[in-house]
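Student: This is the structure I have questions about; it appears just below.
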Amino acid sequence: MQHLKLALIQTDIVWQNAAQNRALYTKKINKVQDQVDIFILPEMFSTGFSMHPEGIAETMQGETLSWMKKLALEKNAAICGSIIISEENKYYNRFLFVKPSGEVEIYDKRHLFSLAGEEKVYAQGNEKLLIVYKDWKICPLVCYDLRFPVWSRNVEDFDVLVYVANWPKIRVVAWDSLLKARAIENLCYVVGVNRVGVDANNYEYSGHSATYNCLGEKLTHSTPNHEGIEIVELQKEHIAKTRNKLNFLNDKDLFEVKN
């Protein structure tokens with residue numbers, strides 16, 4: 001498949017209320033007229049960025065994942081984002097990629113946000129994920145992972161990096177700059193989906209969800225501080241032409257990430 005159409009869902013999040021958030025997302029997604037391939041939701045889209053998972057964490061048999069499967073089937077599209085998962089007496093900030101077939105692929109956030117004490121509450125993930133969907137290779141990462149270029153490095157020959165986030169307004173310049181940098185250095189599309197609104201801890205989020213091509217050119221322009229859905233179509237031809245012409249990935253350093 002030479003084209004991949006994405007829907008970036010930039011939205012406010014009702015604090016720690018998964019049922020209400022699912023209902024709101026359903027309404028938003030049902031308004032999308034285009035036939036898209038992937039709907040992308042923010043980090044911890046069902047609860048907000050909470051450091052109190054007790055009572056709000058779900059299992060892999062929980063209602064939010066069931067909702068994602070049902071919606072993916074109805075829309076004949078993948079749906080993804082991260083939620084709080086409880087598993088084997090641990091909590092994870094887990095990215096879920098749900099295909100229309102019902103198949104689920106998971107990535108547990110590696111870089112836990114120490115400024116908020118995330119590492120004291122959630123277990124660290126140690127495995128990178130490469131999703132193959134409609135002949136596209138997609139690498140999903142979560143929020144704070146964006147600050148660490150070694151973990152984001154394109155050693156798997158992926159086509160798209162997807163970051164889902166709750167990235168606060170006060171540091172949004174870093175968000176903008178790093179998304180662009182990851183696209184340029186990895187010669188891939190980079191998609192970042194961030195929330196808007198104010199959470200229960202009084203942190204403000206301004207969105208700035210965006211898509212960049214392999215040259216760091218911005219393809220989407222979300223309205224800061226406002227909810228919205230942006231549709232963007234990625235093209236395989238752009239990746240091939242850029243990499244064939246520049247070949248920068250051939251000169252990349254070899255390294256090993258230790259857990």
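Student: Go through region 29-60 and count every residue that is among the charged types (D, E, K, R), surrounded by fewer than 17 Cβ atoms within 10 Å (Cβ to Cβ), in contact (Cβ under 8 Å) with a residue 12 or more places away in the chain and under 27 Å from Tyr122 (Cβ atoms).
Tutor: Selection size over region 29-60: 0.
Student: Here's a check for you: in region 211-239, which residue that is free of Cβ contacts under 8 Å to residues at least 24 places away in the same chain and exposed (fewer than 13 other Cβ atoms within 10 Å of the Cβ) is nearest to Lys137 (Cα to Cα)?
Tutor: Going through the qualifying residues, I end up with Glu217.
Student: Given Leu96, Leu130, Leu115, which one is among the hydrophobic types (A, V, I, L, M, F, W, C) and crowded, with 18+ Cβ neighbours inside 10 Å?
Tutor: On the way: Leu130 fails: crowded, with 18+ Cβ neighbours inside 10 Å; Leu115 fails: crowded, with 18+ Cβ neighbours inside 10 Å.
Unique residue meeting the criteria: Leu96.
Student: Return the residue satisfying two criteria in turn: it lies in region 10-24 and is surrounded by fewer than 23 Cβ atoms within 10 Å (Cβ to Cβ) and in contact with a helix residue (DSSP H, G or I) (Cβ under 8 Å, 6 or more places away or on another chain), and of such residues it is farthest from Tyr133 (Cα to Cα).
Tutor: Val14
One line per residue, one yes/no per condition, for (1) surrounded by 14 or more Cβ atoms within 10 Å (Cβ to Cβ); (2) under 16 Å from the mean Cα position of the chain (by Cα):
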| residue | (1), (2) |
| --- | --- |
| Leu146 | yes, yes |
| Asn154 | yes, no |
| Asn166 | yes, yes |
| Lys169 | yes, no |
| Trp175 | yes, yes |
| Ala183 | yes, yes |
| Asn202 | no, no |
| Gly207 | yes, yes |
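Student: Could you pull out every one of the strands (runs of 3 or more DSSP E) wholly within region 187-259 that has 1 or more residues that are polar (S, T, N, Q) and under 15 Å from Ala165 (Cα atoms)?
Tutor: Details: elements: 189-194, 196-198, 204-206, 210-212, 228-235.
The qualifying strands (runs of 3 or more DSSP E) are 189-194, 204-206, 210-212.
Computed from the coordinates by the stated procedures, all read-outs in this text should not be read as laboratory data. No experiment lies behind these values; they were computed from the predicted model shown. Ideal geometry is used to build each Cβ from the backbone, glycine not excepted, and the neighbour counts take in all protein chains shown.
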